[in-house]
1. Can you report the number of residues in the stretch B:37-85 which are modelled with pLDDT of 85 or more and out of contact with any strand residue (DSSP E or B) (no Cβ under 8 Å at 6 or more places or on another chain)?
2. Of A:V96, A:V74, which residue is more than 20 Å from B:G85 (Cβ to Cβ), among the hydrophobic types (A, V, I, L, M, F, W, C) and at the interface with chain B (Cβ under 8 Å from one of its Cβ atoms)?
3. Out of the residues in the stretch A:22-36 that are among the small types (G, A, S), at pLDDT 95 or above and under 16 Å from A:V96 (Cβ atoms), state the one that is farthest from the chain's Cα centre (by Cα).
4. Considering only the stretch B:99-121, state which residues are facing another protein chain (nearest Cβ under 7 Å) and polar (S, T, N, Q).
5. Are any residues in the stretch A:63-121 in contact with an Asp or Glu (Cβ under 8 Å, 6 or more places away or on another chain), under 21 Å from A:A32 (Cα atoms) and crowded, with 24+ Cβ neighbours inside 10 Å, and if so, which ones?
6. Can you tell me how many residues within the stretch B:50-91 are part of a strand (DSSP E or B) and closer than 27 Å to A:C118 by Cβ?
7. What do you reckon, is B:I166 touching a Gly at 6+ places or on another chain (Cβ under 7 Å), on the phi < 0 side of the Ramachandran plot and either in contact (Cβ under 8 Å) with a residue 12 or more places away in the chain or buried (at least 23 other Cβ atoms within 10 Å of the Cβ) (or both)?
8. Restricting the search to the stretch A:163-198, which residues are closer than 19 Å to A:K111 by Cβ and touching a Pro at 6+ places or on another chain (Cβ under 7 Å)?
Protein chains: 2
Amino acid sequence: MLKYKAGKGEKAMIVVGVGVGPGMLTEEGIRAIKKASAVYGAKRAIELAQEHITCEAKTIKDYKSLHLLPADAVILSTGDPMFSGLGKFAGENDTVIPGISSMQAACARTKVNLTNLCAITAHGRDFEPAKAELIQELRNGRNIFLLPEENFGSLEVAKILKELGIEAELYTCENLGYPEERIAKGSPDNPPIAETILYGLLVVQKR
Amino acid sequence: MLKYKAGKGEKAMIVVGVGVGPGMLTEEGIRAIKKASAVYGAKRAIELAQEHITCEAKTIKDYKSLHLLPADAVILSTGDPMFSGLGKFAGENDTVIPGISSMQAACARTKVNLTNLCAITAHGRDFEPAKAELIQELRNGRNIFLLPEENFGSLEVAKILKELGIEAELYTCENLGYPEERIAKGSPDNPPIAETILYGLLVVQKR
């Protein structure tokens, strides 16, 4: 049997998923943050964890230098670190503590099953591969949770659904978990429009 | 804009995801449990939430009668309620609070990305549809998180991978989050064997 946790006494980075909105930190996440000697993360991640931070919190922008941080650093990642988060920088000996992702919060609100759902990220990359993946998975009968890109969001997905002749409900999910949370529902003919750039798009096929 | 939360003053059921193991309850989950006048759930779910329960906790076995419970009941669901959990019984006015699923814990330990991952449930149903889905998604290049069935687990998946000529790493993930957590790694030629019936199987394709 292989070990997937850092050995005792060995210093390793801890990446904590703080959830996508307020109140989503887990007990083990809170424990790690309270014990930390230094906490690093994006501004929003630090805000979400603020009430539990007892040491200095430093905003980081250059995630490529994460390996230069002290070996026992606690890194905060919004959502779940393994879902388009900072978990990708974690090595074999580092610890990742899961958090509630935008996809989970979107499904909790709309009561959509997570098991037939396929996550696709267009965010931060050329959207053509994401578009190809979207079409393939829609044809496979899957529901989609898309992290959109400026030029590939609810309007473009609605157009694709119409071209494929697929009937579906579309939901734009913004500010999940925050007081200003906004979920708008629409159809391929009348797609919902997000009011902010950062949102999640849920596509639920009619069966 | 549509509302996806229960209206103020309206009594509605709250389904709380307690996570797959100890220490995974979120702040909002804990708040809901502490405020509850009655808490219902499976034995393991109640154990995971025990230290926060201040009212009577009742074990339920017949989930089909959930609608007969008091309107302001708090229902505990292991993992995430929308991931093969009790969220399927939640109506439009009910509230679902997300929790950490077995898939997230498995990915945190093995550092596998959640975004290229496809969840498939063979558990509690005839495994033929799950098998067909597995083959399709493997051919699509996706990694898989399978909730296995007695006759469809790591050995059967290893055989399918060999037939398809797909190179992959297989991980059986048991008792995630518990002191007796066990993650075993193997290959299609030498698949890991779980020691318990309830486990998650992670298939990570080599690229």
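1. 6
2. On the way: A:V74 fails: at the interface with chain B (Cβ under 8 Å from one of its Cβ atoms).
After ruling out the rest, the residue left standing is A:V96.
3. Here the residue is A:A32.
4. Scanning the stretch B:99-121 gives B:Q104, B:T110, B:N113, B:T115, B:T121.
5. A:G87, A:I97, A:P98, A:G99, A:I100, A:S101
6. Step one: list which residues in the stretch B:50-91 are part of a strand (DSSP E or B), which gives B:56-59, B:74-77, B:79.
Cutting the leftovers down to closer than 27 Å to A:C118 by Cβ gives us B:77, B:79.
So the answer is 2.
7. Answer is no for this residue.
8. Matches in the stretch A:163-198: A:A168, A:L170, A:Y171, A:T172, A:G177, A:A184, A:K185, A:G186.
The values are calculated or read from the model by the stated rules, or taken from the named source; none is laboratory data. Predicted, not measured: the structure shown is a model, and the values here were computed from it. Glycine also receives a Cβ, built like all others from the backbone with ideal geometry; neighbour counts cover every protein chain displayed.
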